[in-house]
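Input: a single structure, listed below in structure tokens.
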Amino acid sequence: MKANYFEFHNPLKILSGDQALENLPYELERLGVKAPLLVTERQLLEIGLVAQVAAVFAGAGIKLGGMFSEVPVDSSTQVVNQIAALFRELQCDALIAVGGGSVIDTAKGVNIVVSQGQDDLVALMGAETLHRPMKPLIVIPTTAGTGSEATRVAVIADLKRQVKLAFTSHRLIPDVAILDPRMTCTLPPLLTAATGMDALTHAVEAYTGLQKNPLSDACAVAAIELIRENLLSVVIRGEDRQARLALANAALLAGVAFSNSMVGIVHAVGHALGAVCHLPHGVAMAVLLPFGMEYNLKSSFADYAALLLPLADAEVYAATPHAARPAAAIAVVRTLLQELQQQCELPCSLREAGVNQTQFAEIADKALDDGALLFNPVEADREDLFNLLRNAW
Amino acid sequence: MSTVLGTGTLPVPLSVRSQRSVQDFMLRMLFWLVGQAFLAAARWDKGLRRELAGWEEGFVLRFMVAPVGPMLLLKKRQGRLRYQGGSGSQADLTICFKTLGAALRLFTARLSFSDAFAQHRVSVVGDVARAMSVYRCFNQVQFYLLPGIMARKVLKRKPPLTFGALLIRCYVWFVGIPCGLFIPIRRRM
């Protein structure tokens, strides 16, 4: 632990495992919900995942108040405002988010607008600024990576300014997260790998962040172990439900960890890459993680040394001299990336990901203004960010 | 034997109340001092000038202690930063300390800006990207205000003390802050 004071907040009820989804009506009733608005994306509707959620309402004595199924891959403040208007029009009283990070963050954004008595999400941007109680929010993740089901953070794009706005408040933590392996088993290998690397980045950055504490450390280490044991096997055999569930649990644990310890330079640059180049967040995390670790190596030497144990295993850890452990931890991440690239063509560099070097200046400027940079253990200026991007290219 | 209290507030010992008053006064002084240092450093420091150039005209920055504690307001007018005193309800960006103690620790260089955020000791009302600009400015102002040994404690990376930086530090301490004593707030608005 680096600080002499920490806060840890995680009021989330977690339902994880087989048939977890069937508890949805009970949880809605427990929360006093009469007409929930389901927020999802079109693709999930088309492959039948939303139908599985709708099926649990049959004979349960509770009906959906409405549905919005057009959340784009990179959600924006306009979409949030549009759904908030629908929520009010249909007189809904709660939100159910079925989807990945974009859908969950969109639902959080909608919750901010409808609960705080505003019409425009942009008016409420900031940190710890939500003072009114929120509407109940139940989250059913269909990817295992963002951890948004467990975090106090929502990241939503402002298309006008081409930036990603971060909203942070303890009120943004959902009421219930339902992790059901049926919900993630259709995820294609490339997306599984990218979202898995996103979860790994959350855990690693949480473990080395300014506000790391014994509780966030425990969650981060548990998440890294689960990712090490399951990510590659799930990419190879996507139908393995137990491994899928383990990855979903890992993503949630990493979410709890970073929600209480925050992330750092990898996320700051990753958000900027998403805003400028529309690079998928998971891919950005995968490419940048080893370079971010190298950047923080001097300051986080002891933390990376300790991370070799969950990243590799006890035998590798014991066989590696203490001074070589941080470098070995970074090497393990690189090896995992190469294995994932062999299995599903996950990009390992910004060049492979299609990023143009001419965009580096804009990316560095945007990353410099990203709130995540504040929590990085090492200061970074524009030139440092430029160098990191150049190395990752 | 239990004591039954009335519906009023809990009794606060006199020593605690007077300590609170002293801390309140100290923080008002520190707000003023940092405000003057910010204005003075922003006249000469290239990095600060570049950051300020990104702030829109009329932008008001407010530091305050919740709910009704001391305040520091700075406003950008005619391209320059102006000291706006210690009261005002309108601001484009508010950095609000949850407790007086947290603000005191930050302004006496016992807590870094990044740790204050990481430990949830402050809330930010407004654009987080602009708050990052304020963070960079605040770090630079601390660099000019604090002796090296203290700056190293609160800055993740302390800039080198070049001859130019030394001149700005002297200007802040021997011109900017003393001059602030003789210029009434209304003339700066």
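The values are calculated or read from the model by the stated rules, or taken from the named source; none is laboratory data. Quick caveat: nothing in here was measured; it's all calculated off a predicted structure. Cβ sites come from the backbone with ideal geometry, for glycine too, and all protein chains shown count toward neighbours.
Things to note:
- Some residue of region B:64-81 being assigned to a loop (DSSP other than H, G, I, E, B), within 14 Å of chain A (Cβ to nearest Cβ), out of contact with any His (no Cβ under 8 Å at 6 or more places or on another chain) and at pLDDT 90 or above: no
- Qualifying residue in region B:138-146 (condition: over 14 Å from the mean Cα position of the chain (by Cα) and either at the interface with another protein chain (Cβ under 10 Å from one of its Cβ atoms) or β-branched (Val, Ile, Thr) (or both)): no
- If you go through region B:147-161 and keep only what is within 10 Å of another protein chain (Cβ to nearest Cβ) and within 17 Å of the chain's Cα centre (by Cα), you end up with just B:Leu155.
- Index of the failed condition, A:Ala84 passing every other in (1) closer than 26 Å to A:Arg152 by Cβ; (2) assigned to a helix (DSSP H, G or I); (3) touching a strand residue (DSSP E or B) at 6+ places or on another chain (Cβ under 9 Å); (4) among the aliphatic types (A, V, I, L, M): (3)
- Any hit, region A:155-172, residues being within 14 Å of chain B (Cβ to nearest Cβ), surrounded by 23 or more Cβ atoms within 10 Å (Cβ to Cβ), in a loop (DSSP other than H, G, I, E, B) and touching a strand residue (DSSP E or B) at 6+ places or on another chain (Cβ under 9 Å): no
- Region A:296-336, residues that are out of contact with any helix residue (DSSP H, G or I) (no Cβ under 6 Å at 6 or more places or on another chain) and over 26 Å from B:Lys156 (Cα atoms): A:Asp313, A:Ala314, A:Glu315, A:Val316, A:Ala318, A:Ala319, A:Pro321, A:Ala331, A:Thr335, A:Leu336
- Boolean, B:Val128 is crowded, with 19+ Cβ neighbours inside 10 Å, within 14 Å of another protein chain (Cβ to nearest Cβ), within 22 Å of B:Gly69 (Cα to Cα) and touching a strand residue (DSSP E or B) at 6+ places or on another chain (Cβ under 7 Å): no
Listed here are the residues, each with its yes/no results for (1) closer than 28 Å to A:Glu383 by Cα; (2) small (Gly, Ala, Ser).
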| position | (1), (2) |
| --- | --- |
| A:Ala306 | no, yes |
| A:Ala328 | yes, yes |
| A:Arg334 | yes, no |
| A:Gln341 | no, no |
| A:Val355 | yes, no |
| A:Ile363 | yes, no |
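- Condition check for A:Ala97: at pLDDT 90 or above, part of a strand (DSSP E or B), within 14 Å of another protein chain (Cβ to nearest Cβ) and in contact with a helix residue (DSSP H, G or I) (Cβ under 6 Å, 6 or more places away or on another chain): no
- Across region B:105-125, the qualifying residues are those that are in a helix (DSSP H, G or I) and more than 7 Å from every other protein chain (Cβ to nearest Cβ), and the one among them that is surrounded by the most Cβ atoms within 10 Å (Cβ to Cβ) is B:Leu106.
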